[in-house]
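Chemist: Below is the structure I would like to discuss, written out as structure tokens.
The values are calculated or read from the model by the stated rules, or taken from the named source; none is laboratory data. Predicted model, so just to flag it, every value in this text is computed and none were measured. Because the Cβ atoms are built from the backbone with ideal geometry, glycine has one as well, and the counts that use them run over all protein chains shown. For the accessible areas, the whole protein counts, side chains as well, though only heavy atoms, and no ligand, DNA or RNA atoms are used. Shrake-Rupley method; radii C 1.70, N 1.55, O 1.52, S 1.80 Å.
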Amino acid sequence: MTDDIILLLRRAGFGPTAAELGAARRLGYAAALSGVVAPAGPDVSATSAPVPDLGPDPFVSMPRPTDAQRAEGDRRRTEQTVSLARWWLDRMTVADHQAVEKLVFFWHGHWATSVAKVRSAQLMLGQLQAFRESRDFAELAHRMVLDRALVYWLDGQHNKKAAPNENLARELFELFMLGVGQYSERDVKEAGRALTGWRVVLDRETLVSDPQHRDTGRKTILGTTSNFDARSLVDLLLRQRACPRFIASRLWFRYASATQPIPDRTREAMVQAFPAPMAMLRALFEDEAFRATRGTMVKQPIEWLVGAMRNLGIRPAAIPEQVFTEIYWAMEALGQRPFAPPSVGGWPAGAAWLTSAAAQVRLKIASTLAGLVPPGPQAPEAVAHQLCIDKWTDRTYAVLRDVRDGRLKLTLGLVSPEYLVT
């Protein structure tokens, strides 16, 4: 049962602190699970990481920038993006309601949108707030189909009646709501027509409607004929049997196992809780199949970084700016930094994070983090307690036992297989 509680807290959030793990053990699995998926009251700790005031996008005031102005605008945009990432990592680290923060991170990978193309930190912040504020998947899907960052990322602002663009419609079917094999090319084309007539303007908080470019005609999608628009299209997809099954499978992939398929019984239990994601996660975490996935998940780099900072008591907001900037760009080398998924398909999973190149970068970041705290505990058992490791393998224990430097012990613990694989 103790192992089950460690598994729950590692998977549902970014990894527990020693104090959180001790409290959960005293409660037992059932009560700890309820506290995770239905936290009581406001997240007081998260209020210590207020949303940053980014100011306006620098290009709002530069409708026709010179080359020099464009370069300055790009520099300021990068600063705003780094500032936004620092705030989000800080909130992930200090939040008491870890499952809430982990779910926001999950949605970021699900509705994968990259600032590398969107460019505007303000648009990315708006999307992140939509993830956080949406009560369930139905509300989130309605918000995402008209989300400025996602629409721009998938060229929706170029989708006009006279020249339809199918990118957003295709990904809505394939990656966001139904999954591969649940639609036809005709469905994609017709759905593209339903999403015409929207434009992204930097200084507007919502999409701008262009009625002259909207296709108001009848469309036949998934066997239903109607004057579909963005809202009614999403309603149609939500009614499909494939939709809750697909979301259940995606939650399993990120929270349970990237290698083992979701059992039918587990999926159906989660489907019954759709569209409430926390209720779906409760069904997942209550299932014996979840507990059987122990040791099959490799932490994504952001999960690893946030967990490490939580275990070491480090806040991104308190890290010297130069040091944080180095960590931020090292995360790019590691393969994952906030707001920059490699494609609309999101980030990889599993062994993709265990390359030799990634190991070197991870070691460097771990060393930097260990250097920000007082010398660590000397005994391997004390390191295990601080990092919430149940037990070292004989090989790891032997290495830690022979190391005399406390910070090096922490560094090696943070890059150990016992810490990377849950």
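Chemist: Please work out which one of (1) over 14 Å from residue 102 (Cβ atoms); (2) open to solvent by less than 40 Å² (accessible area, probe 1.4 Å); (3) assigned to a helix (DSSP H, G or I) is the condition residue 262 fails and give its number.
Modeler: Exception for residue 262: condition (3).
Chemist: For the stretch 251-274, how many residues are touching a residue at least 40 places away in the same chain (Cβ under 8 Å), under 19 Å from residue 105 (Cβ atoms), out of contact with any Lys or Arg (no Cβ under 6 Å at 6 or more places or on another chain) and not small (Gly, Ala, Ser)?
Modeler: 3
Chemist: I'd like to verify a number: residues in the stretch 265-282 that are open to solvent by 20 Å² or more (accessible area, probe 1.4 Å) and either hydroxyl-bearing (Ser, Thr, Tyr) or within 20 Å of residue 38 (Cα to Cα) (or both), how many?
Modeler: The total comes to 10.
Chemist: From 127, 157, 122, grab the single residue that is open to solvent by 10 Å² or more (accessible area, probe 1.4 Å), touching an Asp or Glu at 6+ places or on another chain (Cβ under 6 Å) and in contact (Cβ under 8 Å) with a residue 12 or more places away in the chain.
Modeler: 122
Chemist: Please give the number of the condition residue 355 fails out of (1) in contact (Cβ under 8 Å) with a residue 60 or more places away in the chain; (2) exposed (fewer than 14 other Cβ atoms within 10 Å of the Cβ).
Modeler: Single failed check for residue 355: (1).
Chemist: Name the single residue, out of those in the stretch 315-334 being in contact with a Phe, Trp or Tyr (Cβ under 9 Å, 6 or more places away or on another chain) and open to solvent by less than 50 Å² (accessible area, probe 1.4 Å), that is nearest to residue 93 (Cα to Cα).
Modeler: Here the answer is 316.
Chemist: Residue 216: under 30 Å from residue 186 (Cα atoms), open to solvent by 30 Å² or more (accessible area, probe 1.4 Å) and assigned to a strand (DSSP E or B), yes or no?
Modeler: For residue 216, the condition - under 30 Å from residue 186 (Cα atoms), open to solvent by 30 Å² or more (accessible area, probe 1.4 Å) and assigned to a strand (DSSP E or B) - is not met.
Chemist: With 422, 396 as the choices, which residue is in contact (Cβ under 8 Å) with a residue 12 or more places away in the chain, farther than 24 Å from residue 253 by Cβ and of a type in the set (Ser, Thr, Tyr)?
Modeler: Going through 422, 396 in turn, just one is in contact (Cβ under 8 Å) with a residue 12 or more places away in the chain, farther than 24 Å from residue 253 by Cβ and of a type in the set (Ser, Thr, Tyr): 396.
Chemist: Next question, about the same structure. If I filter the stretch 142-154 down to residues being open to solvent by less than 50 Å² (accessible area, probe 1.4 Å) and assigned to a helix (DSSP H, G or I), which single residue comes out as farthest from residue 119 (Cα to Cα)?
Modeler: Applying the filter and picking the extreme gives 142.
Chemist: Further, regarding this structure: What are the residues in the stretch 235-259 that are closer than 24 Å to residue 172 by Cβ, not in a helix (DSSP H, G or I) and not hydrophobic (A, V, I, L, M, F, W, C), if any?
Modeler: 239, 240, 241
Chemist: Just to be sure before I move on: is residue 208 surrounded by fewer than 18 Cβ atoms within 10 Å (Cβ to Cβ), β-branched (Val, Ile, Thr) and touching a Lys or Arg at 6+ places or on another chain (Cβ under 7 Å) in the structure I sent?
Modeler: yes
Chemist: Would you be able to tell me the number of residues in the stretch 106-119 that are open to solvent by 10 Å² or more (accessible area, probe 1.4 Å) and in contact (Cβ under 8 Å) with a residue 40 or more places away in the chain?
Modeler: Total meeting the criteria: 6.
Each row is one residue, and each column tells you yes or no for (1) in contact (Cβ under 8 Å) with a residue 40 or more places away in the chain; (2) under 14 Å from residue 313 (Cβ atoms).
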| position | (1), (2) |
| --- | --- |
| 348 | no, no |
| 365 | yes, no |
| 377 | no, yes |
| 381 | no, no |
